[in-house]
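Shown next, in structure tokens, is the structure this report addresses.
What follows draws every value from the coordinates through simple rules; no lab data is involved. Since we're looking at a predicted model, the values are computed, not measured. Please note: Cβ atoms are built from the backbone with ideal geometry, for glycine as well, and neighbour counts cover all protein chains shown.
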Amino acid sequence: MGVAAGAAVLPQTLVSPAAAHTTKPPAPTKGTARPLVIGHRGASGHRPEHTLASYRLAIALGADFIEPDLVPTKDGQLVARHENEISGTTDVASKPQFAARRTTKTIDGVSVTGWFTEDFTLAELKTLRAVERLPAVRTHNTIYDGLFQIPTLQEVIDLARSAGVGIYPETKHPTYFTSIGLALEPLLARILKRNGLAGRNAHVFLQSFEPTSIRKLRGLVDTPSVVLLDAVGSPFDFRSSGDPRTWADLAKPAGLDWLKTFTNGVGATKNLVIARDAAGNLLQPTPLIGDAHARGLKVHAWTFRNENQFLPLNLRKGTDPNAWGDVIGEVRTFLAAGLDGVFADYPDTAVLARDL
């Protein structure tokens, strides 16, 4: 597309100065007339995820926001990767100069072996190139392997600024990074402030699976935020601190009452919004959207993908798990339930479904 990551003037929604911090809860949010389409890791169905090419294409396809997952480098720079272990999304394993960096770490209680962003400087990471994370599912994306660098958060902001779209950054494994002296929240807050994105009117949503991370960010900036909710298990910050609540607990009225004191919405896995039966067919919507809206909270759902294997059984087409099914029908069903936004690997189909 023709959008360059230049130094164009920010649209007004992106340049509001940071408001003075207050201990009061965030202002209640109102439902939007047009639900948001969030380019999940860019247009990750069409290009290798978390690359400027993926983000540019998401913008060209009509996404309202682009989503960079954030992890730090050894020298304290924030870069866009879904995980800090990068062997599945870059060509690092093919680089003999980095062979000795392969190691095993415990991330959120799980043993992981590979190469980790926190063991590389930004300059070193910039020598790597992205590869398709799901090559067996998205074979077409492998033609772009080796072409694109790992972008910094600043590069993503510059791109969004030039195109007039929002950004939706996620702090990944924040408890772990705090434990090794690379806390994400002050790094992110510093960049937001430097770019005029620290106020309540910023065209930004901050997100994390760890509520503690969002609460820390609320103490540093007034940027809108959401807490991510999975259907099974609990946040790592809860598990590590002895808090017995699960993500499912946070989706209930008492959990939402707590969340509304420091955040603006929830980013819920689809099954928390509309569950599936034992066969994998969609059921009726859960109370989550209504309960959240009653408390002034937005609800954004993840992740909408075109391939059959990611769709409800009754919306699949044919038997090939990698063939495209009726994702437009799925998105429309969720939007009809009152959803405020969708995370989509293919922003073009989500935009089409919304605008039909």
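Using the number of other C-beta atoms within 10 angstrom as an exposure proxy, rank VAL110, VAL71 with the fewest first. Kindly include the intermediate steps, with their values, before the conclusion.
Working: VAL110 8, VAL71 28.
If I rank by nearby Cβ atoms, fewest first, I get VAL110, VAL71.
Dipole magnitude of the chain about its Cα centre, charges +1 at Lys/Arg Cβ and -1 at Asp/Glu Cβ only, in debye to the nearest 20?
Details: 38 positive and 35 negative charges, 119 e Å.
Using Cβ point charges on Lys, Arg, Asp and Glu, the chain gives about 580 debye.
For the stretch 181-198, in order, what is each residue's ³J(HN,Hα) by Karplus, 6.51 cos²θ - 1.76 cosθ + 1.60 with θ = phi - 60°, in whole Hz (x at glycine and Pro)?
Running phi through 6.51 cos²θ - 1.76 cosθ + 1.60 with θ = phi - 60° gives x, 10, 3, 6, 4, x, 5, 5, 4, 4, 5, 4, 5, 4, 9, x, 10, 9 Hz.
What are the residues whose amide H is under 5 Å from the amide H of LYS172, where those residues sit 5 or more places off or on another chain and H is modelled from the backbone?
Long-range HN contacts for LYS172: LEU70.
With the dipole of the stretch 191-232 worked out from charges on the C-beta (+1 for Lys and Arg, -1 for Asp and Glu) around the Cα centre, which of ALA198, LEU228, SER208 lies farthest toward the positive end?
ALA198
Would you mind classifying the stretch 262-313 by shape? Square roots of the alpha carbon gyration tensor eigenvalues, ordered a ≥ b ≥ c; an a/c under 1.5 is rounded, otherwise it is prolate if a/b is larger than b/c and oblate if not.
In terms of gyration-tensor shape, oblate.
Using each residue's phi in the stretch 60-72, evaluate 6.51 cos²θ - 1.76 cosθ + 1.60 at θ = phi - 60° and report the 3J(HN,Hα) Karplus result to the nearest Hz, with x for Gly and Pro.
Residue by residue, the stretch 60-72 yields 4, 8, x, 4, 7, 9, 10, 10, x, 6, 10, 9, x Hz.
Order these peptides, 222-234, 274-286, by their mean beta-carbon neighbour count within 10 angstrom, highest first. Present the calculation step by step, with values, prior to reporting the outcome.
Details: 222-234: 20.5, 274-286: 12.8.
Listed from highest to lowest mean packing, they are 222-234, 274-286.
So for the chain, taking the charge dipole from beta-carbon charges (+1 Lys/Arg, -1 Asp/Glu), which of ALA63, ALA294, LEU356 sits furthest toward the positive end?
ALA294
What is the magnitude of the charge dipole of the stretch 144-272 about its Cα centre, with +1 placed on the Cβ of each Lys and Arg, -1 on the Cβ of each Asp and Glu, and no other charges, expressed in debye to the nearest 20? Working shown, then result.
On the way: 14 positive and 12 negative charges, 71 e Å.
Roughly 340 debye for the stretch 144-272.
For a label point 7 Å from the Cα of ALA60 along Cα→C-beta, name the residues of the stretch 319-354 whose backbone N is under 18 Å from it.
345-352
In what sequence do ARG81, ARG332 fall when counting other Cβ within 10 Å, fewest first? Intermediate results must be reported in sequence, preceding the final value.
Numbers: ARG81 25, ARG332 15.
Neighbour counts put them in this order, fewest first: ARG332, ARG81.
Rank the residues VAL342, VAL351 as a footprinting-exposure proxy: fewest other Cβ atoms within 10 Å of their Cβ go first. Kindly include the intermediate steps, with their values, before the conclusion.
Values: VAL342 25, VAL351 19.
Fewest to most other Cβ atoms nearby, the residues stand as VAL351, VAL342.
What order, most packed first, do the peptides 252-261, 191-200 have when packing is the mean number of other Cβ atoms within 10 Å of each residue?
On the way: 252-261: 16.2, 191-200: 19.3.
Peptide ranking by packing, descending: 191-200, 252-261.
Given the DSSP H assignment, sum -39500 (n - 2.57) over each helix run of at least 4 residues in the chain and divide by its residue total; what's the result at 222 nm in deg cm²/dmol, nearest 500? Write down the numbers at each step before the final one.
On the way: 13 runs with 96 residues, N = 356.
Computed mean residue ellipticity for the chain: -7000 deg cm²/dmol.
Taking amide H positions as placed in the peptide plane 1.01 Å from N, state which residues far from GLY45 in sequence (5 or more) or on other chains have amide H under 5 Å from it.
Answer set, sorted by chain and number: TYR346.
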